[in-house]
């Protein structure tokens, strides 16, 4: 780190759990953020501000006026532009030391096959089950930690799936890819604006813990947040030996 970076990250350096060694890990890390909407808009800025050296934003969508109620990485001037382009501009203004790569596309197995070998952590900030299962399967295949978050109406959930750990469940251990879930969206169900900020910033915090290696990330645990009652619940989740993605047969 140069003198300017030492000053920029000085409040991290004061934390013994991070210190210089931990900050150096962040500077040399690569995080893939899939989804530059509500959750991604909250997570990516904190990753950039914290000094994650390389961030890849993956999203196929464009900014719409209805997004501005909660997707704080985008502004009125961004309407009609790609979300990844708008996000890149925002993040580069926040921290010019961070390298931002953008991919305007939907997540596919072949695309993730290209990206994941160079990635340290993946943040799933998407909003549908099929994409989440696709991301989970790729992370299991390449043994990349996955920070998964979701938010709808007043309810959010968060967990970390780390295929490097033998005891860690994967997303499919909880939500079987063989089951049919009714897809719901913000456009039909609504969403409380700060909720995506709460869950998204917690995703960033979990990613930083995994990258640096301190504390107890939510591996084997799922956190539920209700913004209506301000109630936080947590329950333990176990690896399913019969899981079609990470089970013994696979």
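For the reader, a short list of remarks on this structure follows.
- Residue in the stretch 28-46 that is within 23 Å of residue 195 (Cα to Cα) and without any contact (Cβ under 8 Å) to a residue 40 or more places away in the chain present: no
- Candidates 245, 210, 196, 219, filtered to the one that is out of contact with any strand residue (DSSP E or B) (no Cβ under 9 Å at 6 or more places or on another chain) and surrounded by 15 or more Cβ atoms within 10 Å (Cβ to Cβ): 245
- Selected residue (only one of 113, 120 is out of contact with any strand residue (DSSP E or B) (no Cβ under 8 Å at 6 or more places or on another chain), touching a residue at least 12 places away in the same chain (Cβ under 8 Å) and within 24 Å of residue 210 (Cα to Cα)): 113
- Note on the stretch 88-108: residues that are touching a helix residue (DSSP H, G or I) at 6+ places or on another chain (Cβ under 6 Å), buried (at least 18 other Cβ atoms within 10 Å of the Cβ) and either within 21 Å of residue 126 (Cα to Cα) or modelled with pLDDT under 95 (or both) total 4.
- Scanning the stretch 83-110 for residues that are in contact (Cβ under 8 Å) with a residue 12 or more places away in the chain and more than 17 Å from residue 35 (Cα to Cα) gives 94, 95, 97, 98, 99.
- In this entry, residue 231 is excluded by the filter for residues that are free of Cβ contacts under 8 Å to residues at least 40 places away in the same chain, more than 15 Å from residue 149 (Cα to Cα) and surrounded by 14 or more Cβ atoms within 10 Å (Cβ to Cβ).
A quick yes/no check of all residues on (1) closer than 24 Å to residue 56 by Cβ; (2) at pLDDT 95 or above:
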{"position": "129", "(1), (2)": "yes, no"}
{"position": "149", "(1), (2)": "yes, yes"}
{"position": "158", "(1), (2)": "yes, yes"}
{"position": "167", "(1), (2)": "no, no"}
{"position": "182", "(1), (2)": "no, no"}
{"position": "187", "(1), (2)": "no, no"}
{"position": "199", "(1), (2)": "yes, yes"}
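- Among the residues making up the stretch 134-148, those that are without any contact (Cβ under 8 Å) to a residue 60 or more places away in the chain and part of a helix (DSSP H, G or I) are 134, 138, 139, 141, 142.
- The stretch 1-62 holds helices (runs of 4 or more DSSP H) entirely within its bounds, and those carrying 1 or more residues that are closer than 26 Å to residue 136 by Cβ, at pLDDT 95 or above and touching a helix residue (DSSP H, G or I) at 6+ places or on another chain (Cβ under 8 Å) map to 19-27, 38-50.
- If you go through the stretch 88-133 and keep only what is in a loop (DSSP other than H, G, I, E, B) and under 24 Å from residue 24 (Cα atoms), you end up with 95, 96, 97, 98, 119, 120.
The values are calculated or read from the model by the stated rules, or taken from the named source; none is laboratory data. Quick caveat, the model's predicted, so the values are computed rather than measured. Please note: Cβ atoms are built from the backbone with ideal geometry, for glycine as well, and neighbour counts cover all protein chains shown.
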